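Notes follow once the structure below has been shown.
The values are calculated or read from the model by the stated rules, or taken from the named source; none is laboratory data. Quick caveat, the model's predicted, so the values are computed rather than measured. Cβ coordinates were reconstructed from backbone atoms using ideal geometry, including for glycine residues, and neighbour counts include every protein chain displayed.
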Amino acid sequence: MTTAAFLVSAAHKSSGKTTVSLGLARALRHRGEGVHAFKKGPDYIDPIWLARATGRPCYNLDFFTSMPEEIRATFRRGSAGAGVALVEGNKGLFDGMDLHGSDSNAALARLLGLPVVLVVDAQGITRGVAPLLLGYRQFDPALRFAGVILNKVAGPRHEAKLIESIEHHTDLRVLGAVRRFDGARIVEAHLGLVPANEDERAEEKIERLAGLIAEQVDLDALLAVTQAPARPAATMDSPITDIGRGLRIGIARDAAFGFYYADDLDAFAAAGAELVFFDTLADQGLPPVDALFIGGGFPERHLAALAGNAALRGAIREVIEAGTPCYAECGGLMYLSEAIEWRGASHPMVGIIPARAVMHERPQGRGYVQLEELPEAPWPRAEGMPAPRHLRAHEFHYSRLEGLPADARFAYRVRRGAGIGGGRDGYLHHNLLANYAHLRHTADHPWVHRFLAFVRQVRDRH
């Protein structure tokens, strides 16, 4: 088995690195390589597509929520035994919040010791591609480049001019030139790409991309220049715990709700919990569970089906009112509200949160979040676990809760971000915690273990 590892990045956002990454992942899989994919940043949607392309979970690598050693450990664990480890970057190669680039794609490549495959949007450029690449090459001389994949190339003549300029003026290798096409275009929604779990043609589109990449990218050359040491079998990088032993956690996973970090789900399983998935669009009742986890997604795109499944909505409302622990994030919070209002229509939801989730044309909260835990926060800490100064998370939502009573209780004070509003996030009701922020299970904040400890406490009291 070939062993290769590389990071796919671009000069700027919307260069086509996601479609190239998907095509590479599936094309290499077709060659018999075991491809393990990763995504830089807190994104959920690209990982769903990459997981579909590889047939394996895709893990996020994020400087804001994880320490560098945790990122290394996640990459080490997630790529163990892989034939190819592919990391898709976000935005441009040197983009990030830090002036000095400590959170950039380039910094991630250096941290993991990966060469960069640079995707270049070639629309409207010929000889000018050379100074662009020279600038990227010289900006960080320590960065290793495997080569360049030209994207959105107009035709043979355009391709020839680009390659001639690159080969004459730079020492970068052109690994491929991908022509402009529309047949496998991944449609964008208001939060970015439509997730693969919602796209009925996802498999067809990925196969189409794989065929185009196999035809127009030199995969043999790519593998040859990205050779990496064999990665050993995975080892446990986090403390072993059995806090979830014997607990059944019901998780909503369907076309409406699919935003879950792969390593968060791993943390549930590693703690001994049994994950029981249910479908909010089709299932008429809940399976027997000790707690619920309703993650993010696009419930507004499935309002008729969600509203039409009154039996399940009633079952969820009944168990939460009865005290079953529940954790919900963003789309899950919207689903638990009285109604979701979008485009002039109102659709009834679970009704456990006394407010309406109203969709707006512009984002109501986006980007990284810092939360301060309030005394009302219900999840216990393990003995000796320090309280972090700020919980680091992220949010991206176009909805806002409206009509929430003034005496509503919250788990968090928002130090950075929007949250539910009024500087608060984490609505509390009985044993429900629901927030717009998406948490990430990390050493600094092992929220999965804390949630499981809370679930056990509640179950033991009954």
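In this structure, is SER9 more than 18 Å from the chain's Cα centre (by Cα) and in contact (Cβ under 8 Å) with a residue 40 or more places away in the chain?
no
On the basis of being more than 17 Å from the chain's Cα centre (by Cα) and at pLDDT 95 or above, does HIS36 make the cut?
Answer is no for this residue.
For the list (1) over 21 Å from GLY244 (Cα atoms); (2) modelled with pLDDT under 95, I need the number of the one condition that HIS302 fails.
(2)
Applying the selection to region 133-149, what residues are surrounded by 16 or more Cβ atoms within 10 Å (Cβ to Cβ) and among the aliphatic types (A, V, I, L, M)?
LEU133, LEU143, ALA146, VAL148, ILE149
Between a residue in region 264-283 that is among the hydroxyl-bearing types (Ser, Thr, Tyr) and any residue that is part of a loop (DSSP other than H, G, I, E, B) and surrounded by 15 or more Cβ atoms within 10 Å (Cβ to Cβ), which pairs come within a Cβ distance under 6 Å, given they are 6 or more apart or on different chains?
Within 6 Å, the pairs are THR280/ASP254; THR280/ALA256.
State whether the residues of region 344-351 include one that is within 22 Å of LEU433 (Cβ to Cβ), among the hydroxyl-bearing types (Ser, Thr, Tyr) and in the same structural domain as PHE278 (by TED's automatic domain parsing).
no
Among HIS445, HIS441, which is part of a loop (DSSP other than H, G, I, E, B), in the same structural domain as PRO363 (by TED's automatic domain parsing) and modelled with pLDDT of 95 or more?
Of HIS445, HIS441, the one residue that is part of a loop (DSSP other than H, G, I, E, B), in the same structural domain as PRO363 (by TED's automatic domain parsing) and modelled with pLDDT of 95 or more is HIS441.
Is at least one residue of region 416-427 β-branched (Val, Ile, Thr) and either over 19 Å from ARG362 (Cβ atoms) or part of a strand (DSSP E or B) (or both)?
Scanning region 416-427, I find no residue that is β-branched (Val, Ile, Thr) and either over 19 Å from ARG362 (Cβ atoms) or part of a strand (DSSP E or B) (or both), so the answer is no.
Pull out all pairs, ordered by first then second residue, where Cβ-Cβ is under 6 Å, the residues are six or more apart or on different chains, the first lies in region 38-62 and is within 24 Å of ASP444 (Cβ to Cβ), and the second is small (Gly, Ala, Ser).
Between residues of region 38-62 that are within 24 Å of ASP444 (Cβ to Cβ) and residues that are small (Gly, Ala, Ser), the close pairs are LYS40/GLY89; PRO57/ALA51; PRO57/ALA262; CYS58/ALA37; CYS58/ALA51; TYR59/GLY78; TYR59/ALA262; ASP62/GLY41.
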